[in-house]
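Heads up: the structure comes next, in C-alpha cells.
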Amino acid sequence: MPASLPGIHHVTSITGDVQKCVDFYVSVLGLRFVKKSINQDVPDTYHIYFGDYKGSPGTATTFFGWPAWPKRRAGGGQVTTVSFAVPRDSLEFWNSRLRKLGVQSSSTSRFGTEALVLSDPDGIELELVGDVSPGFQSVPWPDGPVDGEHAIRGFHSVTVTLAEAAATIDLLVKTMGFRKAGQEGRRTRFETGQGGQHSILDVVEAPEGPEGEESIGTVHHVAWRAADAAHQAQWREVLVKAGRNVTPVIERYYFKSIYFREPGGVLFEIATDGPGFTVDEPLETLGSTLSLPPWFNVRRETLDETLPPIVVPTTATTGAGH
Ligand code: ZN
C-alpha cells in the first residue's frame with residue numbers, strides 16, 4: 001500500500017448565492033477568500049475558495065455557484081456535515097460570536113469532544129469542533145475578522161451518511177488505509193494518516209433515507225490529500241485494482257485531481273498538495289482577481305461580463321480582531 005493519505009485536502013459544496021456565501025464564510029467564520037475562479041466543467045459559473053491565509057491543504061472549503069439548481073436537503077450518499085477545528089477554549093467565544101451575528105447554533109458532543117452545530121446560508125450543516133491537533137499546520141489570516149487565537153484551524157472532519165455502510169467501510173479500511181477509531185451509536189469514526197484533525201471521516205448509517213441529490217445546499221465532493229503526483233498515481237493504481245472507476249489525472253491548475261465514487265455514492269477526489277493557490281496570484285492579494293487557468297484566458301472578457309460581481313468583505317466592514 002502507498003504511504004497513507006494524510007487527510008482532507010478540500011471540501012466542495014454547491015451554493016445558490018455566491019455573495020451570501022462569501023459574506024458568511026468571510027465575515028462570520030473568518031476564513032480568507034483565497035481564490036475566485038470558474039468551474040472548469042461549467043465555465044460560465046464560479047468556483048470560489050476559502051481557507052487559511054494561504055489556502056493550505058486541509059483548510060480549503062470551496063463552492064460551485066450554481067444559482068439555477070434546485071435546493072434540497074443533504075441525504076444518503078453524500079457528505080452531510082463539514083466540521084471545522086477550533087481550539088477547545090474558543091467554543092465559548094464562537095458561541096457568543098454566532099449569537100451576536102444572529103447565526104443559530106446548538107451544542108453537541110461527539111467522542112468526548114464538544115462542538116457547535118450550525119448551518120451555512122444554503123443550509124449545509126457545519127460544526128465547529130473544539131479539537132485542534134498540534135501537528136496540523138495552518139496559517140492564520142492576519143487581517144481576518146476573527147482573532148488568530150480563536151480562528152478556525154482548517155477541517156476537523158467530514159461526516160458521510162450512507163444507506164448501507166458495509167461496502168464503504170470495506171473500501172476505507174482494506175483499500176484506502178483508514179483505521180476504525182471509534183463507534184458511537186450509528187456513527188463510526190475512521191482516521192487516516194497521523195490521525196486527529198483533518199484526518200477524520202465519520203460514517204453514519206441511515207437506511208431510512210432520504211437519498212441525497214446534487215443540489216444547492218449539499219456537498220459536491222470531498223478531496224483527500226496526496227503529497228505529489230507520484231503519490232497520487234500510486235493511489236490511483238490501488239483504487240483501479242480494487243475495482244473503482246477512477247478518472248484520469250485532471251489538471252486543476254492549483255492541484256492535480258482524480259475522482260471516483262465510493263460504493264455508498266459519495267464522490268471522492270484525491271488532490272495533490274501543490275502547487276497551491278499562489279501559482280497565479282501573490283499571497284498578499286489572493287482572491288482579488290478572476291483567476292483562470294491559462295487555457296481559459298481567451299474567454300476572460302466574456303466571463304468578466306457574464307459572472308455577477310463578488311464583493312469580498314474587508315477588514316473595515318468585518319471589524320478585525322472581534
Ligand atoms: Zn475538488
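The values are calculated or read from the model by the stated rules, or taken from the named source; none is laboratory data. The structure presented is a predicted model; accordingly, all values stated were derived computationally and were not measured. Here Cβ is always computed from backbone atoms with ideal geometry, including for glycine, and neighbour counts include all displayed protein chains. We work out accessible area using only protein heavy atoms, side chains counted, and drop any ligands, DNA or RNA first. Shrake-Rupley method; radii C 1.70, N 1.55, O 1.52, S 1.80 Å.
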Checklist outcome for this item: All conditions in (1) modelled with pLDDT of 95 or more; (2) within 14 Å of the ligand (Cβ to nearest atom) are true of Ala206 except (2)
Checklist entry - Within region 183-206, can you find the residues that are open to solvent by less than 40 Å² (accessible area, probe 1.4 Å) and at positive phi? => result Gly193, Gly195, Gly196, His198
Item to check | Residues of region 22-44 satisfying the condition of being within 16 Å of the ligand (Cβ to nearest atom), of a type outside the set (D, E, K, R) and either touching a His at 6+ places or on another chain (Cβ under 8 Å) or in contact (Cβ under 8 Å) with a residue 40 or more places away in the chain (or both) | outcome: Val34, Ser37, Ile38, Asn39, Gln40, Pro43
Checklist entry - Just wondering, is there one or more residues in region 182-199 that are touching a residue at least 24 places away in the same chain (Cβ under 8 Å), within 16 Å of the ligand (Cβ to nearest atom) and of a type outside the set (Phe, Trp, Tyr)? => result yes
Checklist entry - Only one of Glu214, Glu149 is charged (D, E, K, R), surrounded by fewer than 22 Cβ atoms within 10 Å (Cβ to Cβ) and within 16 Å of the ligand (Cβ to nearest atom); which? => result Glu214
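Yes or no, residue by residue, for (1) among the basic types (Lys, Arg); (2) buried (at least 21 other Cβ atoms within 10 Å of the Cβ):
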| position | (1), (2) |
| --- | --- |
| His9 | no, yes |
| Lys20 | yes, no |
| Thr45 | no, no |
| Lys54 | yes, no |
| Phe64 | no, yes |
| Pro67 | no, no |
| Arg72 | yes, no |
| Gly77 | no, yes |
Checklist outcome for this item: Among (1) of a type in the set (Phe, Trp, Tyr); (2) open to solvent by 40 Å² or more (accessible area, probe 1.4 Å); (3) out of contact with any Asp or Glu (no Cβ under 7 Å at 6 or more places or on another chain), Trp141 falls short only on (3)
Item to check | Residue satisfying condition, being at pLDDT 95 or above and away from the ligand (no atom under 16 Å from the Cβ), within set Leu303, Leu286 | outcome: Leu286
Item to check | Selection status of Ser4, more than 16 Å from the ligand (Cβ to nearest atom) and either within 18 Å of the chain's Cα centre (by Cα) or of a type outside the set (D, E, K, R) (or both) | outcome: yes
Next on the checklist: Which numbered condition in (1) assigned to a strand (DSSP E or B); (2) without any contact (Cβ under 8 Å) to a residue 40 or more places away in the chain; (3) basic (Lys, Arg) is the only one that Arg225 fails?
Outcome noted: (2)
Checklist outcome for this item: Subset of region 89-105, residues touching a residue at least 12 places away in the same chain (Cβ under 8 Å) and open to solvent by less than 70 Å² (accessible area, probe 1.4 Å), comes to Ser90, Leu91, Phe93, Trp94, Asn95, Arg97, Leu98, Val103, Ser105
Checklist entry - Counting only residues that are surrounded by fewer than 16 Cβ atoms within 10 Å (Cβ to Cβ) and away from the ligand (no atom under 16 Å from the Cβ), which one in region 239-264 is farthest from Gly177 (Cα to Cα)? => result Asn245
Item to check | Residue in region 267-281 that is farthest from the ligand (Cβ to nearest atom), counting only those that are among the charged types (D, E, K, R) and surrounded by fewer than 19 Cβ atoms within 10 Å (Cβ to Cβ) | outcome: Glu281
